[in-house]
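So the structure is just underneath, and the comments pick up after that.
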Amino acid sequence: MSRLLIKGGNELNGEVTVKAAKNAVLPILAATLLTEDKCEIENVPHITDISNMLKILETLGSKVRFEDNVITVDNANVNKHNVPNDLAKELRSSFFLLGPILGRMHRAVVAYPGGCDIGVRPLDIHIKGLREMGIGVEESHGMMYCDGSRLKGANVLLDFPSVGATENLMMAAALAKGKTRIANAAKEPEITDLQNFINAMGGKVNGAGSSIIEVEGVQKLHGCTYRPIPDRIVAGTLLIAGGVCGGKVTVKGAVREHLEPLLFNLNKCTCFIDSRGDKISVISQARPRNLDKFETQPYPGFPTDLQSQMMVMMAVSEGTGVIVENIFETRFRIVRELIKMGAKITVKDRTAVIRGVKALEGAAVSAMDLRGGAALVIAGAKAEGYTTVDGVEHIDRGYESIETLFTLLGAEVKRLR
Ligand code: UD1
């Protein structure tokens, strides 16, 4: 198990180019199962969530190549419909493989998935939607057995705009007979990207980005080459790091519109934002002022995936601020670690109150989940002295060599093996 060693205190200055979004690439890889042709996905980072998804595809019979950030998937020989237990446990998004496997093979078996341990994460919205589409779903001993022999288009209303459920249903509908209408759909940019990918394969999906998505099932989809959207969460993490540590951090290849709620809040903390073309910079020259309050929300609200990083910003800002976490109930586990570094934070239920301190101190801390882990790296880069972060395997799920990203900006971060 590796650890990160961080010597804090440097200002951050520099530019980093972001690659494709993990949360766009994962459903797109799942959707490749909808065709027997070859698909090429470009600009993909080497992160473990993606290598785990590729392993799952291989066990289903896909031929996969991942070279120079391009993934080629050849699904001509896919003949299995079971996602193995051990791999599914590594990756929560494995659950949305149900949609495309059902679309293609009309039956599927998937173990209850794993992923970040950040709350109960039930699957009721997925299951309800799949049942509306005529799919028989039986749960037994932690496995889901699905019979898609009567799969058909349907009207579905989601109880909550779940990202994964929206994606699952879009993929199940792509090859289903008839029209599917998903109401109260998630509006995240990754959903629009999945729509664009399915359409690039010859599908008929529209409405993504709004709360109603319509999918007209087609008989066959074909292969394509596709470049997914840039990772707004990696970009946001680095921009927040700039705000916390001071200096000028530029991310290249990001889409400003996708980061609007973060940039709004950074601006309120008195950071200056400069964006030109596909470059966004955060310039921070003085101690930031605390936000009064922000709440995590489905897109286009503030993303839960940037909440922990923003908490670090608030922990060192002047004044007191409040965070309400509305999406995942246990995303405050970083608080205990930040307190070890001298932060003043109290938590009750879904609300954290953060009293900004002038300085954090280096400490030995543990990453408990992916985004919380990245937030601890920001805290270590800001703190006085040395910080070690263990649990780096969580961070590696979504950041391609986080030590390199931070070193490029002038932080001192080393991986200890
Ligand atoms: C996706 C992202 C994750 C992000 C999250 C919210 C991927 C691979 N992951 O996760 O990084 O943090 O969106 O933006 O894209 N829920 C239910 N029942 C369900 C499904 C979800 O109650 O059947 C609840 C969840 O417990 C959670 C909320 O709905 O409280 C949001 O979950 P969802 O939008 O489904 O997130 P994921 O797709 O798992």
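The values are calculated or read from the model by the stated rules, or taken from the named source; none is laboratory data. It should be emphasised that the depicted structure is a prediction, and the values quoted were computed from it without experimental measurement. For neighbour counting, all protein chains shown are included, and Cβ atoms are generated from backbone atoms with ideal geometry for every residue, glycine included.
The table for this structure:
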{"item": "Only one of THR330, THR237 that is within 17 Å of the chain's Cα centre (by Cα) and in a helix (DSSP H, G or I)", "result": "THR237"}
{"item": "Selection count, segment 330-375, where residues are over 21 Å from GLY319 (Cα atoms), away from the ligand (no atom under 16 Å from the Cβ) and touching a Gly at 6+ places or on another chain (Cβ under 9 Å)", "result": "4"}
{"item": "Hits in segment 355-378 (condition: free of Cβ contacts under 8 Å to residues at least 40 places away in the same chain and under 17 Å from ARG331 (Cα atoms))", "result": "VAL365, SER366, ALA367, GLY373"}
{"item": "Candidates VAL365, VAL347, VAL335, filtered to the one that is in contact with a strand residue (DSSP E or B) (Cβ under 6 Å, 6 or more places away or on another chain), surrounded by fewer than 24 Cβ atoms within 10 Å (Cβ to Cβ) and not charged (D, E, K, R)", "result": "VAL335"}
{"item": "Residue under evaluation GLN219, criteria (1) assigned by TED's automatic domain parsing to the domain that holds GLU384; (2) in contact (Cβ under 8 Å) with a residue 40 or more places away in the chain; (3) surrounded by fewer than 17 Cβ atoms within 10 Å (Cβ to Cβ), criterion not met", "result": "(1)"}
{"item": "GLY246 vs. criteria in contact (Cβ under 8 Å) with a residue 24 or more places away in the chain, on the phi > 0 side of the Ramachandran plot and within 22 Å of the chain's Cα centre (by Cα)", "result": "no"}
{"item": "Among the residues listed as ASP68, ASP37, the single one being among the acidic types (Asp, Glu) and either touching a residue at least 24 places away in the same chain (Cβ under 8 Å) or in contact with a Leu (Cβ under 9 Å, 6 or more places away or on another chain) (or both)", "result": "ASP37"}
{"item": "Any chance GLY223 is on the phi < 0 side of the Ramachandran plot and in contact with a helix residue (DSSP H, G or I) (Cβ under 7 Å, 6 or more places away or on another chain)", "result": "no"}
{"item": "Candidates ASN52, ASN77 - the one that is polar (S, T, N, Q) and touching a Leu at 6+ places or on another chain (Cβ under 6 Å)", "result": "ASN52"}
{"item": "Condition check for LEU266: touching a helix residue (DSSP H, G or I) at 6+ places or on another chain (Cβ under 6 Å) and in a loop (DSSP other than H, G, I, E, B)", "result": "no"}
{"item": "Residue satisfying condition, being more than 16 Å from LEU306 (Cβ to Cβ) and crowded, with 24+ Cβ neighbours inside 10 Å, within set VAL389, VAL413", "result": "VAL389"}
{"item": "Which numbered condition SER317 misses (of (1) modelled with pLDDT of 95 or more; (2) out of contact with any Cys (no Cβ under 7 Å at 6 or more places or on another chain))", "result": "(2)"}
{"item": "Top-ranked residue in segment 305-329 [being in contact (Cβ under 8 Å) with a residue 40 or more places away in the chain and among the β-branched types (Val, Ile, Thr); ranked as nearest to ARG371 (Cα to Cα)]", "result": "VAL312"}
